[in-house]
Number of protein chains: 2
Amino acid sequence: MRDHPSAVELLVCTRCRLGDVTGDEDVRPGAVLYRQLADAAIQGVTVTPVECLSNCSRGCTIALRGPGRWTYVYGGLQPCTDLDTIAAGADKYRQAPDGLVPWRERPEHFRKNCIARIPPLDPPVRSLGET
Amino acid sequence: MRDHPSAVELLVCTRCRLGDVTGDEDVRPGAVLYRQLADAAIQGVTVTPVECLSNCSRGCTIALRGPGRWTYVYGGLQPCTDLDTIAAGADKYRQAPDGLVPWRERPEHFRKNCIARIPPLDPPVRSLGET
């Protein structure tokens, strides 16, 4: 399988509260998730913090993207317990040059918690025909 | 081919059923919304059909994006009744070089039905600090 070591970016919403309203930036679940994913050093995936991916009602939230790839936003993620799921999903995404991972190959959580997807900015665009 | 670096693109999910399970592609609410928006000829905005933006539970769905801009996904839209809202929101977006429209200047429907947002692929990235 061809590798794409620098093409994939994993965005993590660092401000997600997951219902916690303490307001402490350092202990927000989103910030915790970001630090855990940055420490996980997923092969070929750059982890980037983002202040709000605007999926506040269904966090924690990540997005996978890269040049020439579909961008996928996933929600309903928990720090600690979902790290392996995210790593597995990110790896599948990295292996798909256009970011389109066949439905059955996605982690179950990704299949059930896809918030949105966006086609690549540059054509050509093909679709898996999701509905 | 995109011939203008600051062009704004309005993506429309053409497969949205809005609960209608007839399966007729031509009369799907998403397809109707796309045709209406394409006919509306919003100044400076290219309307692009997309087969599924994966926001099926909260359609109809659009996204606004462009090079160097934040991408915003909006849901809960109805063909016919929400055309003016979409046109107004798209115009505000077009006027913001980075796509970040101040909260109070967004149409009310956009404020209440933002599904997700994604920072531009290329830095620099600044944030409005949404939560």
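What are the nm distances, shortest first, from residue A:35 to its equivalents in the other copies, labels at 7 Å along Cα→Cβ?
Spelled out, the distances from residue A:35's label point are 5.5 nm.
Got the residue B:111 label distances to the other copies yet, label 7 Å along Cα→Cβ, in nm, shortest first?
Here the equivalent label points are 4.0 nm apart from this one.
Checking the cross-link filter: which lysines have an alpha carbon closer than 21 Å to that of residue A:92, excluding same-chain neighbours under 8 positions apart?
Counting by Cα, and skipping residues close in sequence, residue A:92 has these lysines nearby: A:112.
Out of all DSSP beta bridges with both ends in segment A:8-118, state the antiparallel percent to the nearest 5.
65 percent
Simple spin-label model, 7 Å along Cα-to-Cβ: residue A:111 to residue B:112 in nm?
3.5 nm
In nm, what does the list of distances from residue A:88 to its counterparts in the other copies look like, shortest first, when each label sits 7 Å along Cα to Cβ?
Nearest to farthest, the other copies are at 4.6 nm.
For a distance above 24 Å, tell me the whole-number percent of Cα pairs in segment A:8-118 that qualify. Kindly include the intermediate steps, with their values, before the conclusion.
Numbers: 959 of 6105 pairs.
Every Cα pair in segment A:8-118 considered, those over 24 Å come to 16 percent.
We did not get these values from a lab; they are worked out from the coordinates using the rules stated. All figures in this text were calculated on a predicted structure; none of them were measured in a lab. Note: ideal-geometry Cβ built from the backbone for every residue, glycine included; neighbour counts use all protein chains shown.
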